[in-house]
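For reference, the structure discussed in these notes is given below.
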Amino acid sequence: MTNPVSGTYSVEKWVKVGNFYRNKQNDTTKWWMMFRGVNQVNLDSKGRIAIPTRYREELRSITDSQMVVTVNNTSDRCLWLYTLTEWERIEAEVTALPSFNPVAAKLKRFFIGQAADVDMDASGRLLLPPPLREFAQLKKHVVLTGQGNKFELWDEGNWTAQRDEWMEDGLGEGPMLVELESLSL
C-alpha cells in the first residue's frame, strides 16, 4: 500500500485515527484519509451535493473544508473528488511529467485543466461546477464511491449500468497485473 507522504505504507510508521492516517514519528506530517463504501446522495437545484456525515467533521478539521474535483482520466463519465492535500501531491506528480510528451500534455490539459477547487459549506455541501456536472452527466441522484485516496462521483443510472457490466465481465480476459498476482483478499 502506498501513502502520499513517503510513497510506501508501513504499519510501524503510520497510525489510523478514525478514517485518517498520520505518521507516528512526526506529528507535523500532513494527514491523509481513506475513503471507502458507496453512498447515495442528491444533487440539489443549485448543483450541490452533501458529503456523508461520517466524513464531514474529519474533512473540516484536517483539510479546512477544501477539496478539489476534476474529470477522471479514463473513459468513465465520473468525477474524482480529492482532499486538497491529496490533490496537491497528485498535481505535483502530473505537472512534473515531460511537457513535450503528447500523452503527458494531454493528461495535464484534461486532468489538471478541468480541476476546480470546491469548499465544503457549513452544511457539509459542495457546489459542483456546471461543466463538471455536465461531463459526468449528473442528474438528481448521485453515487459517491470511496476509492481509498479519493471519491468518485457518478450519476446513479450510469453507476448502476457500469457496476452491472463490471459484475458480468468479472476481471475480464487477458494477463493479470503483476501487482494483483500476490494479492490476498
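Here are the numbers:
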item: Segment 35-170, relative contact order in percent, only Cα pairs under 8 angstrom and at least six apart counted; result: 37 percent
item: Added length on full extension, which subtracts the Cα-Cα distance from 0.36 nm per residue, Phe100 to Gln162; result: 18.9 nm
item: Residues Val178 and Asp64, FRET efficiency given R0 of 30 Å [Cβ-Cβ distance, rounded to 0.05]; result: 0.20
item: Relative intensity, log₁₀ I(q)/I(0), of segment 59-135 from a Debye sum that treats every alpha carbon as a point, q = 0.17, 0.25 Å⁻¹; result: -0.68, -1.19
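Every number here is computed from the coordinates shown, using simple stated rules; none is lab data. For clarity, every value in this text was computed on a predicted model and none was experimentally measured. For neighbour counting, all protein chains shown are included, and Cβ atoms are generated from backbone atoms with ideal geometry for every residue, glycine included.
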